[in-house]
1. Just checking, how many residues over the stretch 45-59 are open to solvent by 90 Å² or more (accessible area, probe 1.4 Å) and of a type outside the set (D, E, K, R)?
2. Please identify the pairs in which a residue from the stretch 89-111 that is open to solvent by less than 70 Å² (accessible area, probe 1.4 Å) and of a type outside the set (Val, Ile, Thr) has its Cβ atom under 6 Å from the Cβ atom of a residue that is in a loop (DSSP other than H, G, I, E, B) and at pLDDT 85 or above, counting only partners at least 6 apart or on another chain.
3. Considering only residues of the stretch 60-88 that are outside any helix (DSSP H, G or I) and out of contact with any Ser or Thr (no Cβ under 8 Å at 6 or more places or on another chain), which is least open to solvent (accessible area, probe 1.4 Å)?
4. Scan the stretch 1-24 for residues that are among the polar types (S, T, N, Q), modelled with pLDDT of 90 or more and surrounded by 13 or more Cβ atoms within 10 Å (Cβ to Cβ) and jot them down.
5. So, in the stretch 32-44, of the ones that are at pLDDT below 90 and within 17 Å of the chain's Cα centre (by Cα), which residue ends up surrounded by the fewest Cβ atoms within 10 Å (Cβ to Cβ)?
6. Pull out all pairs, ordered by first then second residue, where Cβ-Cβ is under 9 Å, the residues are six or more apart or on different chains, the first lies in the stretch 69-83 and is closer than 15 Å to Lys104 by Cα, and the second is open to solvent by 50 Å² or more (accessible area, probe 1.4 Å) and among the charged types (D, E, K, R).
Amino acid sequence: LCRLIAIGNVLFLLGLTFSIGWKRTLNLFTRSDRIRGTICFFSGLVLILFRWGMVGMALETFGFLNLFGNFLPTVLVVGRQIPFLSTVLDHPVVAPTVDYIAGKVKPKYSV
């Protein structure tokens, strides 16, 4: 399983590089405001390569959300336009969380 996850990670990085180019990929991973996400993502990748799958996936997920978390609201808005996925995202149990992530609803509490 770790091998498949590692292959998927490498293919993700190659696909991203071929999609947006070398310079933009390097710019994405080396921006100073996203350095924590970059370190976590690549540390997770290394842990997966050394067969620490669960720890590596958790660290990689944290890094991925730090790197690409700004795109999540856009992904959810597009997901609500896909036939089957819209049914899941509009379910009464799931919809409040999706609305909060997409930025449609303000939290009830304030700090």
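The values are calculated or read from the model by the stated rules, or taken from the named source; none is laboratory data. Note that the structure is a prediction, hence the values are computed from the model and not measured. With ideal geometry, Cβ positions are generated from the backbone for all residues, glycine too; neighbour counts draw on all protein chains shown. Quick note on the areas: whole protein, heavy atoms, side chains included, nothing else; ligands and nucleic acids left out. Shrake-Rupley method; radii C 1.70, N 1.55, O 1.52, S 1.80 Å.
1. Final tally of qualifying residues: 4.
2. These pairs meet every condition: Leu89/Arg80.
3. My answer is Ile82.
4. Selection gives Thr17 alone.
5. Restricting to residues being at pLDDT below 90 and within 17 Å of the chain's Cα centre (by Cα), the top hit is Asp33.
6. Pro73/Lys104; Arg80/Asp90
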